[in-house]
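To start, the structure under review is shown below, and the notes come after it.
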Amino acid sequence: MASTYKQGFPESIRDFFQMFPWWVGPPAIALAYFVPRLIGGDWSGHSNPILSFVGQFFLMVAPILAVFILCIWLIALVSQYADRQRIKLMKECDDYRKMSWRDFERMFAEVLRSQGYKVELRGGNMPDDGIDIIGTRNGKVTVIQCKHWKDSRVGIKIVREMYGVMTAEKADEVMIVTTGEITNPCYKFADGKPIHLIDGIRLLEMIKAIQKDGGQPAAEQETTPAPSPKCPKCGSPMVMRKARKGPRAGNNFWGCSMYPRCRASRSIAPDDPIPQDQRK
């Protein structure tokens, strides 16, 4: 991609508001109005013509600045509401694979907010150091890269690079999320490291969990599902799926994440690390 995305001042304010509860907006608007008014009121009648001019300028700017902040705050509320509605309506992986890369980043940022994170969007065509999002929760900082790839698979090179970025940024964790697949060497490299890998299927599981919980923030909730069992045939992580036909239609089972290249599957054992309410 040829151009670098850089956020403008309005977008930065919008993202700032989305980091905090909705009620932060009215105090910010009040400050934007009354602080310049107080300064302007003190200086507008000053005998020094320069201070007098500055004071009058502040008096003139105060309502304009307040209206500007009000508009950005309302845009932030509408944008966040739209992101939440988008998540509520998702039914399958293709729903977010059809998004633009920017909408995908914003959608995943809202997923993180629902997980109790404070989120800072840093993405774009060529994000700084490969960081699209910075998430903070419980004092831990996570650097996140979003890969809106419909056909390509995330390979070991990207995971190694982001692990290096995490170290350079002195972050606590790194997270890579993709609409597609993640290769098996990535999982092997991430084993035992503060690396969270979320492929398209796991992302859908996270979204469905948010839909079930009503999208309410859960500060203590884990971002990624509990470790799944390894495929007995190729060693890749397995994902929980539901049989659509046959004698076990409607029942859950473990299927290889490398499907259709690997078609191994097995039934769910009682001690497997999945929520009790997802077992059939």
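Each reported figure results from applying straightforward, stated rules to the coordinates on display, with no laboratory input. Predicted model, so just to flag it, every value in this text is computed and none were measured. As a convention, Cβ positions derive from the backbone with ideal geometry for all residues, glycine included, and neighbour counts pool all protein chains shown.
What the table below lists for this structure:
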| quantity | calculated |
| --- | --- |
| Order of R202, R153 - criterion: other Cβ atoms within 10 Å of each residue's Cβ, fewest first | R153, R202 |
| I50-R261 pseudo-label distance in nm [points 7 Å out on the Cα-to-Cβ vector] | 6.9 |
| Inter-site label distance for K118 and K170 at 7 Å from Cα along Cβ, in nm | 1.7 |
| Region 40-164 - charge dipole about Cα centre, Lys and Arg +1 at Cβ, Asp and Glu -1, debye rounded to 20 | 560 |
| Sorted by Cβ neighbour density within 10 Å, fewest at the top, the residues W254, W43 | W43, W254 |
| Within-11-Å neighbourhood charge of F189 [Cβ basis; K, R +1; D, E -1] | +3 |
| Euclidean distance of C-alpha centroids, region 137-200 and region 84-122, integer Å | 17 |
| Using a Förster distance of 35 Å, the FRET efficiency for F189-Q85 (Cβ separation, nearest 0.05) | 0.45 |
| Check: region 93-213 dipole with +1 on Lys, Arg Cβ and -1 on Asp, Glu Cβ, in debye | 120 |
| Members of K98/K157; K150/K233; K88/K170; K147/K230 lying beyond 31 Å, as alpha-carbon distances in this model show | K88/K170 |
| Potential extension, I156-D103 segment - 0.36 nm per residue separation minus Cα distance | 16.5 nm |
